[in-house]
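Asks: Please see the structure below; I have some questions.
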Amino acid sequence: MNPGPVATERLVGLMRKEAERRFGDAGRWRDFEQGFPLGRSATVEEIAATVALLASDLSGYTTGTIVTIDGGLAHRGSLI
């Protein structure tokens, strides 16, 4: 698994601290997500769903690969 930004307590806390520093308002932490490909971080549940799929029999033939879940962040700026 290679997740991109995930809205964990740690990430949200860091963004809240930076929003307080930059804007004087910790509540503006979501402003930093505007630069993400889908305009938001992944949810923990979205990452967990992929982990569950990969651990299930539905993914029995999956091996030797890295699954990147980042909303397209790794391909930003490339032609798709």
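The values are calculated or read from the model by the stated rules, or taken from the named source; none is laboratory data. Every value quoted in this text rests on a predicted model; they were computed, and no experiment measured them. Cβ atoms come from the backbone with ideal geometry, glycine included; neighbour counts cover every protein chain shown.
Asks: Can you say whether LEU38 is at pLDDT below 95, under 18 Å from the mean Cα position of the chain (by Cα) and surrounded by 10 or more Cβ atoms within 10 Å (Cβ to Cβ), as far as the supplied structure shows?
Replies: So LEU38 passes the test.
Asks: Continuing with this model, one more query. I'd like the full set of residues that are surrounded by 13 or more Cβ atoms within 10 Å (Cβ to Cβ) and over 12 Å from ILE69 (Cβ atoms), limited to the range 1-22.
Replies: ALA7, THR8, LEU11, VAL12, LEU14, MET15, ARG16, GLU18, ALA19, GLU20
Asks: Here's something else I'd like to know. Can you name the residue in the range 1-35 that is outside any helix (DSSP H, G or I) and farther than 30 Å from THR62 by Cβ and is also nearest to the chain's Cα centre (by Cα) among such residues?
Replies: ASP25
Asks: Tell me the residue from GLY72, GLY64 that is among the small types (Gly, Ala, Ser), surrounded by fewer than 12 Cβ atoms within 10 Å (Cβ to Cβ) and farther than 11 Å from PRO3 by Cβ, please.
Replies: GLY64
Asks: For the range 13-36, indicate whether the set of residues that are more than 21 Å from GLY72 (Cβ to Cβ), touching a residue at least 12 places away in the same chain (Cβ under 8 Å) and basic (Lys, Arg) is non-empty.
Replies: yes
Asks: Report yes if some residue within the range 64-77 is among the basic types (Lys, Arg) and under 19 Å from GLU9 (Cα atoms); otherwise report no.
Replies: No, the range 64-77 has no match at all.
Asks: Could I ask something else about it? Sort through LEU54, LEU38 and tell me the only one that's within 16 Å of PRO3 (Cα to Cα) and in a loop (DSSP other than H, G, I, E, B).
Replies: Selected residue: LEU38, the only one of LEU54, LEU38 that is within 16 Å of PRO3 (Cα to Cα) and in a loop (DSSP other than H, G, I, E, B).
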